[in-house]
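The values are calculated or read from the model by the stated rules, or taken from the named source; none is laboratory data. Bear in mind that the values here come from a model prediction, so they are computed numbers and not experimental data. In this analysis, Cβ positions are derived from the backbone assuming ideal geometry, glycine residues included, and neighbour counts consider all displayed protein chains.
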Amino acid sequence: MKSVLISISVYTFLVFFSLQSHAQNVSKSYNTLDLSIAAGKGFSPALSYARLWKIGKSNHFRIGLGARLTSFWASDFEARTAPAKLTSGKESLAALFSEDIIANIDTFKLSKVQTNALNATLYLQYSLSQKFEFGMNIDLLGFTFGGQQSGYFIANSLGNSVNGQKSAASPSSFNALLISDSDYGSLNSELYGRYWLNDRFGIRAGLSFQFVEYKTDKKVTVANTDNDRWRGKILMPMVAICYKF
């Protein structure tokens with residue numbers, strides 16, 4: 001956990017230092033307030049605020065920071081073993097390019113889930129014109145709250161004694177972007193295009209990719225490691241209305 005906190009501190013410092021450097025050189029910035037809805041293997045509204053700075057001589061590029069509250073509902077939700085050290089045997093950037101160790105991955109199935117994640121968010125954007133732009137955003141750090149749910153384990157091996165056992169589970173309270181399966185908690189990211197209807201109002205459409213994580217009361221032993229973290233990965237189409245000020 002100490003290495004995780006150090007990584008988060010360094011990452012956050014670099015983001016804020018970059019924004020402060022650009023703010024000294026660029027006078028123009030603006031705020032956006034968005035309400036998005038993603039749906040598919042669940043239903044997920046999100047309310048977000050961002051402050052964006054125009055960078056570069058052309059002012060086409062934007063970088064920003066903000067906050068987002070993402071709620072998620074789903075039924076018959078399957079979450080798999082979450083920690084990267086179990087899913088791939090590696091952590092951080094190395095986990096992104098590593099294959100899964102199938103023997104280490106079990107499933108925890110919940111009849112329903114409901115989470116609410118409040119996170120600081122990073123924005124990167126490029127404007128094609130005054131009307132059209134595309135970009136991406138990703139949650140960095142925050143916390144999640146939600147009620148306790150119940151579910152049962154589906155072991156990778158049917159001979160495993162934990163198979164079919166029930167357990168209570170709650171949303172993981174701490175969220176942090178640490179790359180791929182090294183991430184902690186519930187995080188949202190979006191890839192989108194936006195069209196401004198006028199100087200104030202616009203619409204966005206794209207994809208929302210979310211991690212939704214639960215911790216079980218019971219632990220499952222995998223590769224001599226006790227695990228209580230379970231993650232669902234959800235890709236859904238998304239639309240949003242936007243207000244600029």
Look through the stretch 183-229, keep the residues that are part of a strand (DSSP E or B) and of a type in the set (Gly, Ala, Ser), and return whichever of them is nearest to the chain's Cα centre (by Cα).
Ser189
What do you reckon, is Ala50 small (Gly, Ala, Ser) and either assigned to a loop (DSSP other than H, G, I, E, B) or surrounded by fewer than 18 Cβ atoms within 10 Å (Cβ to Cβ) (or both)?
no
What pairs come out if I take residues in the stretch 64-83 that are within 22 Å of Asp181 (Cα to Cα) and pair them with residues that are charged (D, E, K, R) and at pLDDT below 95 whose C-beta lies under 8 Å away, six or more apart or interchain?
Ala74/Lys41; Arg80/Asp106; Thr81/Asp106; Ala82/Asp181; Pro83/Asp181
Pull up the stretch 127-148, narrow it to residues that are within 20 Å of the chain's Cα centre (by Cα) and among the aliphatic types (A, V, I, L, M), then point me to the one that is farthest from Trp230 (Cα to Cα).
Met136
